[in-house]
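S.K.: Here's a structure for you.
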């Protein structure tokens with residue numbers, strides 16, 4: 001049954017159909033992301049925008065007329081009265097959720113000593129609390145925290161002078177003003193965001209350095225589906241296309257086998273029937289050769305010439321299992337016969 005269907009189908013159509021089905025299979029396979037159904041992506045859970053502004057206020061003097069200086073300048077320490085620092089953090093969260101926050105602002109004096117080995121070591125520090133906000137719930141998914149503190153420069157310089165006069169150590173001392181904001185999330189996780197400025201102490205002229213990230217983002221990883229359709233639907237389509245492709249490939253294989261496995265006997269027989277099909281008649285009934293006087297014809301061309309002379313059609317009869325066929329012309333009790341044998345089958 002399969003071989004008969006394969007014979008009726010053309011080789012070109014089978015090739016086109018096989019390539020088309022394979023193309024459709026690959027398009028569905030890769031466009032549906034079934035090979036990579038999920039992807040791990042980072043999802044932003046919260047963002048933070050930070051900012052620090054400070055201003056240096058001066059004592060009355062005969063050289064600088066304005067009462068204060070702005071950021072990113074050099075300051076003569078003997079002119080400085082106090083410094084104001086303004087911390088600001090704007091936060092937004094992925095969705096409304098149960099969270100709280102607290103913060104503290106403190107000043108930290110620390111002394112660094114240069115050892116003989118060349119290593120810088122902190123040998124003394126002292127922390128001074130400035131402002132504290134106890135734990136407080138956030139009512140929405142946006143939050144703005146801002147605070148301003150005043151730093152009396154000479155109060156801290158007196159502490160530094162006292163330390164140095166007591167221990168007579170050559171150290172570098174700085175005053176860090178820090179704001180730590182702590183967030184408490186509903187899954188019992190916490191997160192601390194810090195902003196700071198550093199003020200060198202015990203110097204005739206100093207510059208203030210800031211240390212903070214202007215933009216921060218917290219994220220988590222989640223598996224995100226890449227599938228545009230349910231896996232069951234895509235799988236069913238792929239199975240159907242795969243079965244159809246397998247069937248077409250089976251027919252293609254049989255067709256190629258039929259073409260390239262034909263013996264010389266089959267090729268010659270097919271050519272004769274193709275070239276002289278108009279004068280050849282196939283018969284299914286067996287011929288009793290004993291009833292005729294037989295004249296063996298050596299070539300099909302001689303038999304065709306005889307057909308043109310006698311105007312009698314050529315009869316075709318084949319014994320498939322025996323691998324032999326006959327092209328004959330019958331006139332009265334005489335038979336003119338051209339015999340074609342499958343020599344390969346005889347060898348087998």
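The values are calculated or read from the model by the stated rules, or taken from the named source; none is laboratory data. For clarity, every value in this text was computed on a predicted model and none was experimentally measured. Cβ: placed from backbone, ideal geometry, glycine included. Neighbour counts: every protein chain shown.
S.K.: Of the residues 103, 48, 57, only one is touching a residue at least 24 places away in the same chain (Cβ under 8 Å) and over 24 Å from residue 182 (Cβ atoms); which?
M.R.: Of 103, 48, 57, the one residue that is touching a residue at least 24 places away in the same chain (Cβ under 8 Å) and over 24 Å from residue 182 (Cβ atoms) is 57.
S.K.: List the pairs whose first member sits in region 293-308 and is in contact (Cβ under 8 Å) with a residue 24 or more places away in the chain, whose second member is surrounded by 12 or more Cβ atoms within 10 Å (Cβ to Cβ) and part of a helix (DSSP H, G or I), and whose Cβ atoms are under 8 Å apart, counting only residues at least 6 apart or on separate chains?
M.R.: Note: pairs meeting the criteria are 297/303; 297/306; 300/272; 304/279; 307/279.
S.K.: Shifting gears a bit: Restricted to region 309-348, and to residues that are over 13 Å from residue 265 (Cβ atoms), out of contact with any strand residue (DSSP E or B) (no Cβ under 6 Å at 6 or more places or on another chain) and part of a strand (DSSP E or B), which residue is modelled with the highest pLDDT?
M.R.: 330
S.K.: Hey, can you tell me all the residues within region 274-295 that are under 60 Å from the mean Cα position of the chain (by Cα) and closer than 17 Å to residue 341 by Cα?
M.R.: Matches in region 274-295: none.
S.K.: Does residue 211 satisfy the criteria of being closer than 20 Å to residue 47 by Cα and without any contact (Cβ under 8 Å) to a residue 12 or more places away in the chain?
M.R.: The answer is no for residue 211.
S.K.: In the list 298, 271, which residue meets the criterion of being in a helix (DSSP H, G or I), in the same structural domain as residue 329 (by TED's automatic domain parsing) and closer than 25 Å to residue 343 by Cβ?
M.R.: Being in a helix (DSSP H, G or I), in the same structural domain as residue 329 (by TED's automatic domain parsing) and closer than 25 Å to residue 343 by Cβ holds for just one of 298, 271, which is 271.
S.K.: If a residue has to be assigned to a loop (DSSP other than H, G, I, E, B), surrounded by 11 or more Cβ atoms within 10 Å (Cβ to Cβ) and without any contact (Cβ under 8 Å) to a residue 40 or more places away in the chain to count, how many in region 62-94 make the cut?
M.R.: Residues flagged as assigned to a loop (DSSP other than H, G, I, E, B), surrounded by 11 or more Cβ atoms within 10 Å (Cβ to Cβ) and without any contact (Cβ under 8 Å) to a residue 40 or more places away in the chain within region 62-94 amount to 2.
S.K.: Restricting region 108-142 to residues that are within 52 Å of the chain's Cα centre (by Cα) and in a loop (DSSP other than H, G, I, E, B), which is surrounded by the most Cβ atoms within 10 Å (Cβ to Cβ)?
M.R.: That would be 138.
S.K.: Which ones in region 327-339 are closer than 13 Å to residue 301 by Cα and surrounded by fewer than 17 Cβ atoms within 10 Å (Cβ to Cβ)?
M.R.: 339, the sole residue that qualifies.
S.K.: Of all the residues that make up region 89-107, how many are over 37 Å from the mean Cα position of the chain (by Cα) and at pLDDT 95 or above?
M.R.: 6
For (1) surrounded by 12 or more Cβ atoms within 10 Å (Cβ to Cβ); (2) in the same structural domain as residue 330 (by TED's automatic domain parsing); (3) closer than 30 Å to residue 330 by Cβ; (4) touching a helix residue (DSSP H, G or I) at 6+ places or on another chain (Cβ under 8 Å), each residue gets a yes or a no:
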residue	(1), (2), (3), (4)
210	yes, no, no, no
239	no, no, no, no
280	yes, yes, yes, yes
291	no, yes, yes, no
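S.K.: Name the residue that is modelled with the highest pLDDT, counting only residues in region 248-268 that are loosely packed, with under 14 Cβ neighbours inside 10 Å and farther than 30 Å from residue 339 by Cα.
M.R.: 250
S.K.: Then there is this: Out of the residues in region 143-196 meeting the condition of being in contact (Cβ under 8 Å) with a residue 40 or more places away in the chain and in a loop (DSSP other than H, G, I, E, B), tell me which one is surrounded by the fewest Cβ atoms within 10 Å (Cβ to Cβ).
M.R.: Ranking the qualifying residues of region 143-196, first place goes to 170.
S.K.: Output the qualifying pairs, or none if there are none: Cβ atoms under 8 angstrom, residues six or more apart or on different chains, first residue in region 123-142 and in the same structural domain as residue 112 (by TED's automatic domain parsing) and touching a residue at least 60 places away in the same chain (Cβ under 8 Å), second residue outside any strand (DSSP E or B) and surrounded by fewer than 12 Cβ atoms within 10 Å (Cβ to Cβ).
M.R.: Going by the 8 Å Cβ cut-off, there are no qualifying pairs.
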